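Below is one structure, written out as structure tokens, with a few remarks after it.
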Amino acid sequence: MTYGHQPVALGVLAPDGGLLSAVVFCRVSSWFTGRRLISVPYSDHCNPLIAGAEDLHSLLSACEKLAQEEGCKYVELRPTSALRLIQSDWKPSQEFYLHRLDLRVGADAVFRGSHRDCIQRRIRHAEKEGVSIKEGNDPDSVKTFYDLVLQTRRRHGLPPQPKAWFKNLMECMGDAATIRLAFIGDEPIGGILTLQYGKSLYYKYGASDARFHRFGAMPYLFWHAIQDAIGRGLEELDMGRSDCGDAGLITFKERWGPARSALSYLRSPSDAGQHVYGGIGRSALARRACRHMPDECLVGLGMLLYRHID
């Protein structure tokens with residue numbers, strides 16, 4: 001909806017017409033980055049739904065054929081674990097870490113298993129300082145969160161995602177999407193956006209005002225999300241992917257005591273070009289320019305850029 005990418009699904013049918021296996025993609029078509037099939041763009045991971053080895057081979061062959069017919073540069077899968085039965089032409093294209101926190105142990109055990117100084121004390125400090133948490137998925141929550149996103153992305157030297165992306169997430173996901181905002185008085189100082197599916201809560205986005213980091217808003221927001229998830233019977237907090245070189249983000253996640261696994265995206269043909277967004281993120285000149293752009297220009301750059309990357 002936000003970027004105009006067209007969804008497509010390939011499936012294996014049973015003799016009675018029922019669906020046995022499937023893989024879902026989006027067609028990404030860009031004059032800047034070319035045509036490709038991604039399963040699925042803007043997601044941390046998306047597992048193929050496979051009944052067995054034969055179905056896997058059939059679907060992968062169909063994916064490659066479709067990509068060739070449509071003139072795509074490549075087709076990319078984003079599974080959470082290695083597909084051992086995958087054909088030889090499918091190779092890792094990007095490597096990340098994925099952190100997942102077991103919530104079945106209960107809130108007390110999660111708290112005890114977190115880092116004493118960087119998590120536990122920060123949570124208690126936020127409580128002592130009177131940090132309040134508000135939840136919602138209404139337009140006011142989206143606006144407040146987006147203002148924090150703009151600040152955070154500027155601080156990191158990156159353009160923000162379009163505001164319409166967050167608005168459409170709220171509208172499409174309904175009650176499964178929640179924005180949690182931390183306040184000191186009436187001042188918003190941090191926020192996180194989570195999605196729920198099945199027994200899992202997915203952390204997707206976080207943002208903060210650097211002037212108020214001393215209040216411990218981010219650990220406090222995560223703690224509220226964890227307590228709420230456990231109270232509703234959820235079993236896992238998927239903390240999302242992290243670039244292997246992003247030591248700060250990895251450290252923050254691991255201070256909660258989650259399990260870490262490798263996350264490898266797979267691409268065919270395996271010699272396709274590098275991921276566009278990674279190159280932009282590593283450009284020192286681009287980062288410096290983003291930090292000094294007026295808000296309107298930085299927002300405009302995000303609106304222009306994000307539909308071409310995934």
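Does the stretch 25-41 hold any residues that are surrounded by fewer than 16 Cβ atoms within 10 Å (Cβ to Cβ) and touching a Ser or Thr at 6+ places or on another chain (Cβ under 9 Å), and which are they? Scanning the stretch 25-41 gives a single hit, ARG35.
Candidates are the residues of the stretch 216-261 that are among the small types (Gly, Ala, Ser) and either within 15 Å of the chain's Cα centre (by Cα) or crowded, with 16+ Cβ neighbours inside 10 Å (or both); the one that is nearest to ARG124 (Cα to Cα) is GLY216.
Here's the yes/no breakdown for (1) hydrophobic (A, V, I, L, M, F, W, C); (2) in a loop (DSSP other than H, G, I, E, B); (3) more than 30 Å from ILE250 (Cβ to Cβ); (4) modelled with pLDDT under 95:
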{"position": "ALA51", "(1), (2), (3), (4)": "yes, yes, yes, yes"}
{"position": "ASP55", "(1), (2), (3), (4)": "no, no, yes, yes"}
{"position": "LEU60", "(1), (2), (3), (4)": "yes, no, yes, yes"}
{"position": "LYS65", "(1), (2), (3), (4)": "no, no, yes, yes"}
{"position": "ILE86", "(1), (2), (3), (4)": "yes, yes, no, yes"}
{"position": "ASP89", "(1), (2), (3), (4)": "no, yes, yes, yes"}
{"position": "TYR97", "(1), (2), (3), (4)": "no, no, no, no"}
{"position": "LEU101", "(1), (2), (3), (4)": "yes, no, no, no"}
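Taking the listed residues SER242, SER200, SER141, the one that is touching a strand residue (DSSP E or B) at 6+ places or on another chain (Cβ under 9 Å), within 24 Å of HIS308 (Cα to Cα) and touching a residue at least 24 places away in the same chain (Cβ under 8 Å) is SER242, with no other qualifying. The sole residue among LEU150, LEU169 that is in a helix (DSSP H, G or I) and within 16 Å of the chain's Cα centre (by Cα) is LEU169.
Taken over the stretch 67-84, the criterion of being at pLDDT 90 or above, of a type outside the set (Val, Ile, Thr) and not in a strand (DSSP E or B) is satisfied by ALA67, GLN68, GLU69, GLU70, GLY71, CYS72, LYS73, TYR74, PRO79. Of all the residues in the stretch 96-120, those that are without any contact (Cβ under 8 Å) to a residue 12 or more places away in the chain and of a type outside the set (A, V, I, L, M) number 5. How many of the residues making up the stretch 32-52 are in contact (Cβ under 8 Å) with a residue 40 or more places away in the chain and out of contact with any Phe, Trp or Tyr (no Cβ under 7 Å at 6 or more places or on another chain)? Matching residues across the stretch 32-52 total 6. What's the total number of residues in the stretch 154-178 that are in contact with a Lys or Arg (Cβ under 9 Å, 6 or more places away or on another chain) and touching a residue at least 40 places away in the same chain (Cβ under 8 Å)? Residues in the stretch 154-178 being in contact with a Lys or Arg (Cβ under 9 Å, 6 or more places away or on another chain) and touching a residue at least 40 places away in the same chain (Cβ under 8 Å): 11 in total. The sole residue among ARG122, ARG112 that is of a type in the set (D, E, K, R), part of a helix (DSSP H, G or I), surrounded by 14 or more Cβ atoms within 10 Å (Cβ to Cβ) and assigned by TED's automatic domain parsing to the domain that holds ARG180 is ARG122.
For the stretch 91-126, how many residues are of a type in the set (Phe, Trp, Tyr) and in contact with a helix residue (DSSP H, G or I) (Cβ under 7 Å, 6 or more places away or on another chain)?
Step one: of the stretch 91-126, the residues of a type in the set (Phe, Trp, Tyr) are 96-97, 111.
Now restrict to residues that are in contact with a helix residue (DSSP H, G or I) (Cβ under 7 Å, 6 or more places away or on another chain): 97, 111.
Residues flagged as of a type in the set (Phe, Trp, Tyr) and in contact with a helix residue (DSSP H, G or I) (Cβ under 7 Å, 6 or more places away or on another chain) within the stretch 91-126 amount to 2.
The values are calculated or read from the model by the stated rules, or taken from the named source; none is laboratory data. Everything numeric here is computed off the predicted structure, so don't read it as measured data. Heads up, the Cβs are rebuilt from the backbone with ideal geometry, glycines too, and the neighbour counts pull from every protein chain shown.
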